[in-house]
Amino acid sequence: MTSVLSDAHNFSVHELNLNVINRAPSNGDPLSDLAPHIAPGALHDSAERCDAPKCHPETRVAVQGEIYSWIVHGDQDPEQKMVKIQWVTGPAGTGKSAIMGSVADTCKQDGVLVVTFFFASYASPERRRKTAFIPTLAYQLAQRLPALKDPVSQAIRDDPLLFKKNLHVQMEALILTPLQQVTVEWKVPGVVLIDGVDECEAEQFFDSHVSPVSPRAGESIERTKDQDQLEILEVLREAALDPAFPFRIVIASRPERVFREFFNDKSHKSSFAPPLVLDEKYDPNTDILLFLQAKFSEIRRRYNLSPSWPSQEILAILLDQASGHFIYPAIVIRYITTSRHGSPQTLLGQVLKVKPSSGTNPLSHLDAFYTHILQSAPDPILAVKWLWIIQGQLPPDLFVGFVITDEVPAAFIVNLLLQTDNGDAEYVLGDLHSLIDVPPSDDLETPYRPHHKSLYDFLGSEDRCRPIYVGEMQCTEFLWGRFFDICSHNGLPASRPLDQQKFLQFFFNLEMPYIWQFPSRLNFAPSSVDWWASGCVLHSEDGIWQMFIRVHQECHWYRCSPACKIWRNSILRHCKKADWEEHVCHTISSIVPYQESGNKS
């Protein structure tokens, strides 16, 4: 393999040496208070990312070498020598995460201090949001530079609410101030690698029990993902400008508007190295061809196929259809190696027969192939509904408040929620292994993992997936239908006690989507409502509040609906029975329409 160090010269890597100026005394592990607030899955070598994409050997050598050379040497332009931030960008499917993961591995292998955070919209909640971002960076720095441990620990003791503060305050307290309290001697800078910032979701801070609208201004008080992504960019720039911060920063993202505006802002453009754009300059076609040749060679060996398969003409067709996007050949190879519907030759023939409806979209062949795979499922529309709910959200055409708890549930738990009969999961998803990692049926721990975010970009665009598009209403109706069935049966009728226990812990913490379009969905039998309320008070106060808001939202100011009365009375009865705090019961009982309170006009 060609080394990414082939263009590097006149340097050597040394460990960072720190002399502590001011240490606070520590008791036990100084990082014990920090550890619960980090996102372990966001580290480049975490168990959660064990099957994350990496650059195939001999591919993306030039771009990896350029990033690595910038990390250890900086820019060759003397005026750029002290610049500490570089932006790596490219559209979906160009291999950004694979490149960042491979660069992280190379840095670690060569002794360059590397700190990472890999955001991902399809991963654990900590990787979807900014909350754990600064603590995770601080934890890694303190692990690699032990002299930072006590200053970091002292910062937490000094401000117990530190993890509730904004990112700027956290950066100052957990990283910059501790660095100022030590002397850092280094020959080669360390690096902070941040991938997928464009996938960071918005963190909401308003009370989930009230409307996200400001009564004073009449405007939404919900944060947008752009705001949180911009806060991350600003706090990284703030760190880079601090003389005590000796590390370079590489940020990888799609070229979304917030990133273009930030990195092109003339007022601080001098703070950044020239952006590294994953375009034709880095000859992606050569790398894609190498990838295809290597993968088809593996398939030939596995199935004892002719050395001439596939032909050079077919490779050229696949290369053209990729349009410079690595995600297309990756999906093709995964389809051929995981599908149950034919030999490799037959499956490749099916791939070549798939034709896009329009050639104007550079991802048209990928869209056509996604459509082909999904339509191979026995029930494509049902499969898409499952895929959205597995993702923990509904199609993004309208805002909905649905998330699957605060932890990514095991696949078998999701199966118990969505399937009407044992074996439904295999029926629905059995032909979709090229799109999503489906754990074995006896695996009770592993969650579903979509292979690439581009799948949900595709599913969320009606223009791109017309035949199989599923909107918010369809997903919401399906999910509430399953919720109704489970409550009607007072749980899972045919499951093992341990499965039932794990499932109910998950079920009562579900935050269900709003249903203002069809409130009749809440016309449950009183016995079903009683079963739900009696279980929910034992598992989730948030669940009680969320349901109460949903059943009450369609009521008139002067009269509650019959369904709302049943839910409210049952919830209140079981809250009191469970000895909930008096103010909770009082709040629920006090939300009574004017007419019901006896104050008639």
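The set of residues in region 431-445 being open to solvent by less than 20 Å² (accessible area, probe 1.4 Å) and either among the hydroxyl-bearing types (Ser, Thr, Tyr) or in a strand (DSSP E or B) (or both) consists of Ser434, Ile436.
Reported count of residues in region 126-140, each being out of contact with any Leu (no Cβ under 6 Å at 6 or more places or on another chain) and open to solvent by 10 Å² or more (accessible area, probe 1.4 Å), is 6. Every condition in (1) on the phi < 0 side of the Ramachandran plot; (2) in a loop (DSSP other than H, G, I, E, B) is met by Gly324 except one, and the failing one is (1).
Residues of region 541-553 that are out of contact with any helix residue (DSSP H, G or I) (no Cβ under 6 Å at 6 or more places or on another chain) and either open to solvent by 10 Å² or more (accessible area, probe 1.4 Å) or among the aliphatic types (A, V, I, L, M) (or both): Glu541, Asp542, Trp545, Gln546, Met547, Ile549, Gln553. Residues that are in contact with a strand residue (DSSP E or B) (Cβ under 9 Å, 6 or more places away or on another chain) and part of a helix (DSSP H, G or I) within region 107-118 comprise Cys107, Lys108, listed in sequence order.
Residues in region 339-392 that are in a loop (DSSP other than H, G, I, E, B), in contact (Cβ under 8 Å) with a residue 24 or more places away in the chain and within 25 Å of the chain's Cα centre (by Cα): Pro362, Leu363. Which one is farthest from Val351 (Cα to Cα) among residues in region 262-296 that are open to solvent by 50 Å² or more (accessible area, probe 1.4 Å), free of Cβ contacts under 8 Å to residues at least 60 places away in the same chain and in a loop (DSSP other than H, G, I, E, B)? Looking at residues that are open to solvent by 50 Å² or more (accessible area, probe 1.4 Å), free of Cβ contacts under 8 Å to residues at least 60 places away in the same chain and in a loop (DSSP other than H, G, I, E, B), I get Ser267. From the list Ala411, Ala425, the one residue that fits, being under 20 Å from Arg128 (Cα atoms) and at pLDDT 85 or above, is Ala411.
For Gly65, state whether it is over 18 Å from the mean Cα position of the chain (by Cα), surrounded by fewer than 23 Cβ atoms within 10 Å (Cβ to Cβ) and not in a helix (DSSP H, G or I). When the stated conditions are applied, Gly65 does not pass them. Summed over region 446-474, residues that are part of a helix (DSSP H, G or I) and either of a type in the set (D, E, K, R) or without any contact (Cβ under 8 Å) to a residue 60 or more places away in the chain (or both) total 4. If the condition is being farther than 15 Å from Pro53 by Cβ and open to solvent by 30 Å² or more (accessible area, probe 1.4 Å), then region 317-336 contributes Ile317, Leu319, Asp320, Ser323.
Taken as a whole, the condition of being under 24 Å from the mean Cα position of the chain (by Cα), crowded, with 19+ Cβ neighbours inside 10 Å, at pLDDT 90 or above and within 19 Å of Ser97 (Cα to Cα) applies to Ile249. Condition check for Asn509 on (1) open to solvent by less than 80 Å² (accessible area, probe 1.4 Å); (2) part of a helix (DSSP H, G or I); (3) in contact with a His (Cβ under 8 Å, 6 or more places away or on another chain): one failure, at (2).
Within region 403-430, the set of residues being among the charged types (D, E, K, R) and either open to solvent by less than 10 Å² (accessible area, probe 1.4 Å) or not in a helix (DSSP H, G or I) (or both) comprises Asp406, Glu407, Asp421.
The values are calculated or read from the model by the stated rules, or taken from the named source; none is laboratory data. What you see is a predicted model; the values in this text were computed from it and never measured. Neighbour counts are summed over all protein chains in view; Cβ atoms, including those assigned to glycine, are modelled from backbone coordinates with ideal geometry. All accessible areas refer to the heavy atoms of the entire protein, side chains included, with ligands and DNA or RNA removed. Shrake-Rupley method; radii C 1.70, N 1.55, O 1.52, S 1.80 Å.
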